[in-house]
Amino acid sequence: MSAVRSEKRVVRPFSGLGDVDKCLDHTRLVLNGEVVDEASLIRDATELSEDQIAIHLQVDTDLIAAAVERMKIPDVDVGFAVVASGKSLKASTVLYSAPILTASVPEIVALSNTEHPLVFGDLKGFDVRVCIVLRHDLQPRPLTPYLAGTWLAARDFSVSASRDVLSGFNPQRLTAEARENLELPEGTQTYLAITVDSVLEAPSLAEATAFYIDAALFDLMHANQSSAISQSLQVDFVIEFLLGVMGEVAAEIDALELAGSEDSMFDKNSEIGSLVMQVSAHADLSPSGLFQMMRRDRSRVRSALQAALEAPKYSRKALSQVGE
Amino acid sequence: MMHWVLTAHDASRLVEDLRAGRPREDLRRVAGNGADSRAGTEEFMKTFRESVDDVRSNSSRAGSGDTKAAKSANERKDHIEGQLSCVLFQGLKDLDAAVLTDPGFWRYLAAWEMFDFVQWRDGENCKLVSFGAGSHSPTWDCVPKRMFVRARIAFEADGDGNWRDLAGIAGTDVWRSHVLRVKTGNSPALSAALLEAWDDQVIRTKEVRDVAKRIKRLRSNMVFELMDGEQIDAILSRQIEAARGET
């Protein structure tokens, strides 16, 4: 299991929510019977389909009532709810919802993929929000929530299927049409397209990049995936992709004048961060060291990647089969 | 559950071959395990293709004056897409979540089973994303995926009533930009209210983008899934008024 990130906190245009927010401090995910501190879990796809996941709610409704009273919000207008949604098909479900005055909040709410298959059986994973929410409209007052449906406090949890960091390397066929659209010369073999304004802020590699390989070449590689020459080409293309992405990230860091702070910028919470960490590890460098080298001697980063991905082994194997 | 899938590469290749008039090479792969859904899906997709012909010919006969919103050619197409989305949803809704949330399954439907329909709907030169290819995983441009979710949202909003009419509301931009691509789609009640207000011309064309943007902003502070119909209507009315106040 790779566990990441504490729960998200959103800056909101209201004041005096502190006490009520604390009422959810003990809400946690439960993974296969164990309470976990992380709000975001990344699980192997096969594990995810077998996992028993639940939300542990240690909630005192009297404390919530007292907290909202201090905000001059009538407790009769406040509810407690658990809402979940799958990541693929916009399926949402309200797992629990009751006014706090009458709520008998269960200690555990199971996230069952038999009862809510499109939410908890989603191969990509799901999100859960536990919240204290206004059930009715109130008289509007400055800096105080008053619309029904507004949450006063919330905890967000996410469970995702893990993706290999190189899942971002999902090449596209560079057809004649694609080549024309990208304004590339005839005869182009590969092209890395950056499809977002900021790679650093992109939620995934898939959204930020598209790596194109000449369609005819790609078809041959795809049809002979296990051949030595195909594997050798794949390794070369992966290295080209990684260098291209790292180059783009380096340019962005420089443009933002953040050079030198890379060690604190990246962690495994995001795909880009995770990729940077893995490339750094392959090069036996810290993230800061990696980007220094990208600026000073990019060829050395290529060499480190070739070594880490055993590129010469694949090339030798491919060449040794040429004469067979 | 065993099911057919296509990789992004194979879907892309298949589309290119079919567009070039080359023979269709069987690039399908089998995914999943347990009960085999393949024959059932293939059988259903035959029925779906017959429905496409029926709905399209009925629509041509009825002309453009049969619904409030079906005015332009694109809107007529979108109305047909909406009607057929109900057929697609009913035929596929009982498949396992592991099938329905598998990106390869949507590529298989789009490129193998629905090639002609996708070409008709999104244009003969439409991008590969209409087939769930050309991107890392199918986006909301993938025709069968967006149709299934469109009908599912309508069904969740009003399964006992007029969900088919709701799914049939023509408005490519409203569906794709303001429901499917944003969190509004996670609340069937709000999606339905927005679509009905659009169809009834309570929201004018020039206002819909602004109203949708306001709803999107509210989402960070509100949980739409917990609101009842009256509350949803009230919040939508407020956003329409606010949008008008600014114009």
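Bear in mind these aren't lab numbers, they're just calculated from the coordinates by the rules spelled out. Model, not experiment: these values are computed from the prediction. Neighbour counts are summed over all protein chains in view; Cβ atoms, including those assigned to glycine, are modelled from backbone coordinates with ideal geometry.
Normalised Debye scattering of the protein assembly as shown at q = 0.13 Å⁻¹ gives log10 I(q)/I(0) of -1.49, counting only Cα atoms as equal scatterers and leaving out solvent. For chain A, the average shadow cast by the Cα convex hull is 21.7 nm², which is a quarter of the hull's surface.
Across region A:2-161, Cα-Cα pairs more than 21 Å apart make up 45 percent of the total.
Report the FRET efficiency, 1/(1 + (r/R0)^6), for B:D17 and B:E241, where r is their Cβ-Cβ distance and R0 is 60 Å, rounded to 0.05. Once the sixth-power term is evaluated, E becomes 0.70.
The tail of the calculated P(r) for region A:165-322 beyond 20 Å holds 53 percent of all Cα-Cα pairs. In this simple spin-label approximation, B:R49 and A:T195 carry label points 7 Å from Cα along the Cα→Cβ vector, and these lie 2.9 nm apart. Among the listed pairs B:K46/B:K77; A:K124/B:K183; B:K93/B:K206; A:K317/B:K127, give every one whose C-alpha distance is greater than 27 Å. From B:K46/B:K77; A:K124/B:K183; B:K93/B:K206; A:K317/B:K127, over 27 Å: B:K93/B:K206; A:K317/B:K127. Amide H contacts for A:L123 (H built 1.01 Å from N in the peptide plane; partners 5 or more residues away or on another chain; cut-off under 5 Å): B:T101. Each 10 Å bin from zero holds the following percent of Cα-Cα pairs in chain B: 7, 30, 34, 21, 7, 1.
One way to sum up the overall shape of region B:11-144 is the equivalent ellipsoid from its Cα gyration tensor, whose semi-axes run 26, 18, 14 Å, largest first. When peptides A:66-76, B:173-183, B:81-91 are ranked by their average number of other Cβ atoms within 10 Å per residue, the highest-first order is B:81-91, B:173-183, A:66-76. Protection proxy ranking of A:127-134, B:115-122, by the mean of other Cβ atoms within 10 Å over each peptide's residues and highest first, is A:127-134, B:115-122. Scanning residues 5 or more positions from A:V78 or on other chains, those with amide H under 5 Å from its amide H are A:I100, A:R135, with H placed 1.01 Å from N in the peptide plane.
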